[in-house]
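Colleague: Here it is: the structure, laid out below.
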Amino acid sequence: MEDCHSLLCGALKMIQPAAGEGLRVNVDTVLLAHFSRPKRGEKILEIGCAHGAVSLILAKRGFPVTGIDIQPHLIALAKKNAALNGLEAEFISADIREYKKIAAAQSFDRIVVNPPYDEAERSRPSPKEPVSAAMHGACCRLEDIIAASHYLLKNRGRLDLVMRGDRIGELFALLDRYKTPPKQMRCVHPRPGERASVALVEAVRSGSHGLIIEPPLFITDASGAETPELKEAYIIEEGH
């Protein structure tokens, strides 16, 4: 059964998928949306938008967004969520592997994506197809996403994504192969003294090499309390 939750201190209401029908909003969702810093007038695409959380956070900030997902029932939820919040965003059911059918080359200024953290042949996919698609790459590989992004981004366009810490080497190799080198990275740690669980990365199509590593973001401090940096991510600043 679908249910509705407030998100970002009540700034958005989100109808979330029922158990087994898709992933729900989590901290990675919020951190990715906060990490992405579009400029006014940029045309944005979210790949794998699911029920629309990242797209609608960006729309709430005042940016035009198109979200695509291969699962029609999640696109239907995303459209409901846009209407629920009175926001304008375009949501389309599409297969990113057929990226040339989605839009003309170099159509977008920025792409935002939370790729599946595993690949089907290297993990044990969930028996629930929607979860397997979102978590285990059952419908596309990381390389498919990077190839599509290179095609769809304008020259000097930006690719913002979040990836599991132990796949960053693989991600950087693919970004280099598709001439979209990483330019900024921020590692996210559960707490001080622990390894990064994920990293937030911004890459630039046809950009030069040279990576800025931002200060780490800790989810909680040594006492277990949420950090100011995490709380900041849950505040929507319109126009930023």
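Colleague: Restricting to segment 75-92, name every residue that is assigned to a helix (DSSP H, G or I), hydrophobic (A, V, I, L, M, F, W, C) and surrounded by 17 or more Cβ atoms within 10 Å (Cβ to Cβ).
Modeller: Hits for segment 75-92 are ILE75, LEU77, ALA78, ALA82.
Colleague: Another question about this same structure. Out of the helices (runs of 4 or more DSSP H) lying entirely within segment 103-194, which hold 2 or more residues that are aliphatic (A, V, I, L, M), modelled with pLDDT of 95 or more and in contact with a helix residue (DSSP H, G or I) (Cβ under 9 Å, 6 or more places away or on another chain)?
Modeller: Per the criteria, 142-152, 168-177.
Colleague: Give segment 22-37 a look and list any residue that's more than 12 Å from SER55 (Cβ to Cβ) and of a type outside the set (Val, Ile, Thr), or say none.
Modeller: Matches in segment 22-37: GLY22, LEU23, ARG24, ASN26, ASP28, LEU31, HIS34, PHE35, ARG37.
Colleague: Still on this structure, I have one more. Considering only segment 8-32, state which residues are at pLDDT below 95, open to solvent by less than 40 Å² (accessible area, probe 1.4 Å) and either in a loop (DSSP other than H, G, I, E, B) or of a type in the set (A, V, I, L, M) (or both).
Modeller: Result: LEU8, ALA11, LEU12, MET14, ILE15, PRO17, ALA18, GLY20, GLY22, VAL25, VAL30.
Colleague: Just need a number here: residues in segment 229-240 that are part of a loop (DSSP other than H, G, I, E, B) and open to solvent by less than 60 Å² (accessible area, probe 1.4 Å).
Modeller: Going through segment 229-240 one residue at a time, the tally reaches 2.
Colleague: Here's another thing I want to ask about it. Go through segment 195-228 and count every residue that is surrounded by 12 or more Cβ atoms within 10 Å (Cβ to Cβ), in contact (Cβ under 8 Å) with a residue 24 or more places away in the chain, assigned to a loop (DSSP other than H, G, I, E, B) and among the polar types (S, T, N, Q).
Modeller: 2
Colleague: Could you run through segment 60-74 and say how many residues are touching a Gly at 6+ places or on another chain (Cβ under 8 Å) and either exposed (fewer than 15 other Cβ atoms within 10 Å of the Cβ) or of a type outside the set (Val, Ile, Thr) (or both)?
Modeller: 7
Colleague: Considering each residue of segment 104-119, count those that are more than 30 Å from GLY165 (Cα to Cα) and open to solvent by less than 20 Å² (accessible area, probe 1.4 Å), and give that number.
Modeller: Number of matching residues: 0.
The values are calculated or read from the model by the stated rules, or taken from the named source; none is laboratory data. Treat the numbers as computed from the prediction; the structure is a model and nothing was measured. So basically every Cβ, Gly included, is an ideal-geometry build from the backbone, and we count neighbours across all protein chains shown. All accessible areas refer to the heavy atoms of the entire protein, side chains included, with ligands and DNA or RNA removed. Shrake-Rupley method; radii C 1.70, N 1.55, O 1.52, S 1.80 Å.
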